[in-house]
Amino acid sequence: MEAADTIKILVVEDDAHIAEGLHLNLTLQNYDVQIAANGIDGLRKWKDWRPHLIVLDLMLPGMDGLRVLQNIRLEDERLPILILSARGEAADKIKGFGYGVDDYLAKPFNLEEFLLRVKRLLSRAVWQPGQGERSPGDRESVWSVYVFGNNRIDFTTASAFCRAGEIQLTEQEIKLLKLFISNRGKPLSRRKLLEIGWGYSRDTTSRTVDNFMVRFRKYFEDDPQKPVYFKSRRAVGYVFEHE
């Protein structure tokens, strides 16, 4: 890959020795590297720095790697993400791939193999079949249109056609709708919604989640007092139901 020194890699790893080793070896490959020691800081650096690839540990303080992965995938489905974790069981890998990770390498790992996997992921990000040559930083959503009942959400234009007419959705509304739709039928706790939807900021309260649910019911339910799609789960949180 040409101009490798322009490629930015974010390593989200709480083990200082591993993080230091990855930083050194990736830098020797002429990558621009930043380290985040916990999940919340990892999300912040992803949003501010916009790396071309993320190396992600699973067992992180503050917010675990799977929550970080889910949060990113709600906004960016194409960013290459490599999980590097001591949790190497098949069930862990299956869960990671189910949440949208591109590659998974268990610790302890071979450094040469790791660097080859990084190079491969970056090469795939540059070239997508049928799409022509792309920059690793280019992002294109695979979300398009979702229909349920008499409601239609167009994710490409961030708009919805519903009982309230045509409405323009905010970035946060889009993010939460994607989260509910991708987990339809599965109850989501307020804590999980906060972690994935907002990065679990201390300034964000569970009441914020409730306010968004009121808004969604007003948009999409024929009778907001008797919701069919966005339902409450007592002592749990909320669930989006649609076959």
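The values are calculated or read from the model by the stated rules, or taken from the named source; none is laboratory data. None of these values were measured; they are calculated from a predicted model. Backbone-built Cβ (ideal geometry, glycine too); neighbour counts: all protein chains shown.
In table form, for the structure just shown:
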quantity	calculated
Those residues of region 38-92 which are among the charged types (D, E, K, R), over 28 Å from Thr170 (Cα atoms) and free of Cβ contacts under 8 Å to residues at least 12 places away in the same chain, in sequence order	Glu89
Residue among Val214, Val209, Val236 that is farther than 17 Å from Val147 by Cβ, of a type in the set (Val, Ile, Thr) and touching a Pro at 6+ places or on another chain (Cβ under 6 Å)	Val236
Test: residue in region 65-86 that is surrounded by fewer than 19 Cβ atoms within 10 Å (Cβ to Cβ) and more than 16 Å from the chain's Cα centre (by Cα)	yes
Helices (runs of 4 or more DSSP H) (entirely within region 144-243) containing at least 3 residues that are over 17 Å from the mean Cα position of the chain (by Cα) and in contact (Cβ under 8 Å) with a residue 40 or more places away in the chain	206-220
Given (1) in contact with a helix residue (DSSP H, G or I) (Cβ under 7 Å, 6 or more places away or on another chain); (2) within 18 Å of Ile40 (Cβ to Cβ), index of the condition Trp198 fails	(1)
Test: residue in region 129-151 that is under 22 Å from Asp15 (Cα atoms), modelled with pLDDT of 90 or more and not charged (D, E, K, R)	no
Of all residues in region 20-64 being within 24 Å of Arg120 (Cα to Cα) and small (Gly, Ala, Ser), the one that is surrounded by the most Cβ atoms within 10 Å (Cβ to Cβ)	Gly42
Residues of region 109-127 satisfying the condition of being surrounded by fewer than 12 Cβ atoms within 10 Å (Cβ to Cβ) and in a helix (DSSP H, G or I)	Leu111, Glu112, Glu113, Leu116
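The rows are residues; the columns are (1) touching a Phe, Trp or Tyr at 6+ places or on another chain (Cβ under 9 Å); (2) among the charged types (D, E, K, R); (3) surrounded by fewer than 16 Cβ atoms within 10 Å (Cβ to Cβ).
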residue	(1), (2), (3)
Ala164	yes, no, yes
Leu194	yes, no, no
Tyr229	yes, no, no
Val236	no, no, yes
